[in-house]
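Take a look at the structure set out below.
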Amino acid sequence: MAREWSGIQNFPLATQTKLLELLGEFKNKERQSLTVLVMGKGGVGKSSTVNCILGERAVAVSAFQSDVPRPVMVSRERSGFTLNIIDTPGIVEGGYVNDQALQLIKRFLLNKTIDVLLYVDRLDSYRVDNLDMQIVKAITESFGKEIWHKGVVVLTHAQLTPPDCLSYEEFSARRSEALLKVLDSGSRFKRRESLAHYVPVVLVENSSRCNKNDNEEKILPNGIAWIPNLVETITKVATNESKSILVDQKLIDGPDANARGKAFIPLILAFQYFFIVKGVQKWIKDDIAKEPKSSWE
Ligand code: GDP
Ligand code: MG
């Protein structure tokens, strides 16, 4: 059962108005619920972002890696509309994707429909590496590459002063570009259908020290009130023309491993018969022919 979304009252009035307007869009489209899946490395600010969207401390946040090792779904209801947010533990451990953690997430998601995937990372990381690609690959292999049509890249720690005299816009654009490139290779999208064409990037600052505008809304260095902006982007992606992702048993099991390569079996048998069996037979025949006849013969 979903609890009443009381956290919405903790937002400044301007944010509340905007959020209710966005929820209204779902109701206009006769949709009763929205399910958002949050994934990414550990410690990047996934849980903090969940709490900021809800306007309350719904999930545990930790500066150290004491993440609850299992996914949590928080459900909040507002005039007949239910918002579900699924927070997950980071799926990386010791430099590798933790397969067990991933399986746990997949099992948790069984029979749920994902309307939006928030892929969370930090804005203030300067490089993307193989690990980022592994995570993206793991997500793609788990839910199919269509999941990225429901994707939003969220970059936290966005209240920063860019290095090297770069402007804030330039810095965030470059960081987004670098990350989207990794998403492309990890999700096996070809360049012409690059994720950059449709996966939006949203900047977020979860810190309580985040600057505010005259309406008391948390703003980024570029002046954007980020909570309404994030929720608006989520709304756009949730209602775009791509289908939401239903996590069923088939998706969890992955492509049937037994069926893979079945088509090659007759070919392999034929190859074995003509090149190996025939070869060996000939070899034996030759051998017999060559053998000196024994005296009794
Ligand atoms: P998770 O492991 O991805 O769920 O990350 P958490 O939300 O638990 O955050 C890890 C740490 O980073 C906590 O100490 C948070 O307070 C901090 N944190 C998260 N997001 C931000 C952010 O946008 N800005 C700043 N300054 N700190 C953040
Ligand atoms: Mg967390």
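Within the range 12-50, count every residue that is near ligand 2 (Cβ under 10 Å from one of its atoms) and in a helix (DSSP H, G or I). Can you show your working first?
Narrowing the range 12-50 to residues near ligand 2 (Cβ under 10 Å from one of its atoms): 38, 40, 42-50.
Still in the running and in a helix (DSSP H, G or I): 46-50.
Selection size over the range 12-50: 5.
Kindly indicate whether Ser79 is of a type outside the set (A, V, I, L, M, F, W, C) and open to solvent by less than 40 Å² (accessible area, probe 1.4 Å).
Working: of a type outside the set (A, V, I, L, M, F, W, C): yes; open to solvent by less than 40 Å² (accessible area, probe 1.4 Å): no.
Criteria not met by Ser79.
Run down Arg70, Arg76 and say which single residue is part of a strand (DSSP E or B) and either on the phi < 0 side of the Ramachandran plot or within 16 Å of ligand 1 (Cβ to nearest atom) (or both). Talk me through it step by step, then tell me what you get.
Working: Arg70 fails: part of a strand (DSSP E or B).
Answer to the check: Arg76.
Checking Gln100 against (1) away from ligand 2 (no atom under 13 Å from the Cβ); (2) among the polar types (S, T, N, Q); (3) at pLDDT 95 or above, which single condition isn't satisfied?
(3)
Go through the range 11-28 and give me each residue that's farther than 18 Å from Thr82 by Cα and hydroxyl-bearing (Ser, Thr, Tyr).
Thr15 - this is the single residue of the range 11-28 that is farther than 18 Å from Thr82 by Cα and hydroxyl-bearing (Ser, Thr, Tyr).
Thr82 is checked against (1) part of a strand (DSSP E or B); (2) within 16 Å of ligand 2 (Cβ to nearest atom) and fails just one. What number does that condition carry?
(2)
Going by the conditions given, is Asp99 touching a strand residue (DSSP E or B) at 6+ places or on another chain (Cβ under 6 Å), closer than 30 Å to Gly144 by Cβ, free of Cβ contacts under 8 Å to residues at least 60 places away in the same chain and acidic (Asp, Glu)?
Working: touching a strand residue (DSSP E or B) at 6+ places or on another chain (Cβ under 6 Å): no; closer than 30 Å to Gly144 by Cβ: yes; free of Cβ contacts under 8 Å to residues at least 60 places away in the same chain: yes; acidic (Asp, Glu): yes.
No.
Whether any residue in the range 9-30 is free of Cβ contacts under 8 Å to residues at least 60 places away in the same chain, in contact with a Ser or Thr (Cβ under 7 Å, 6 or more places away or on another chain) and closer than 27 Å to Leu246 by Cβ is what I want to check.
No, there is no match, as no residue in the range 9-30 is free of Cβ contacts under 8 Å to residues at least 60 places away in the same chain, in contact with a Ser or Thr (Cβ under 7 Å, 6 or more places away or on another chain) and closer than 27 Å to Leu246 by Cβ.
Can you tell which of Val152, Val182, Val204 is touching a residue at least 12 places away in the same chain (Cβ under 8 Å), within 30 Å of Asn10 (Cα to Cα) and within 15 Å of the chain's Cα centre (by Cα)?
Numbers: Val182 fails: within 30 Å of Asn10 (Cα to Cα); Val204 fails: within 15 Å of the chain's Cα centre (by Cα).
The conditions single out Val152.
Checking Glu146 against (1) out of contact with any helix residue (DSSP H, G or I) (no Cβ under 9 Å at 6 or more places or on another chain); (2) open to solvent by less than 40 Å² (accessible area, probe 1.4 Å); (3) away from ligand 1 (no atom under 16 Å from the Cβ), which single condition isn't satisfied?
With respect to (1) out of contact with any helix residue (DSSP H, G or I) (no Cβ under 9 Å at 6 or more places or on another chain); (2) open to solvent by less than 40 Å² (accessible area, probe 1.4 Å); (3) away from ligand 1 (no atom under 16 Å from the Cβ), Glu146 is out only on (2).
Within the range 91-125, which residues are open to solvent by 20 Å² or more (accessible area, probe 1.4 Å), within 16 Å of ligand 1 (Cβ to nearest atom) and closer than 22 Å to Leu155 by Cα?
Selection gives Val92, Glu93, Val97, Arg122, Asp124, Ser125.
The values are calculated or read from the model by the stated rules, or taken from the named source; none is laboratory data. Note that the coordinates shown come from a computational prediction; the quantities given were computed from them, not determined experimentally. All Cβ positions, glycine included, derive from the backbone under ideal geometry; neighbour counts span all protein chains shown. Accessible surface areas use protein heavy atoms only, side chains included; no ligands, DNA or RNA. Shrake-Rupley method; radii C 1.70, N 1.55, O 1.52, S 1.80 Å.
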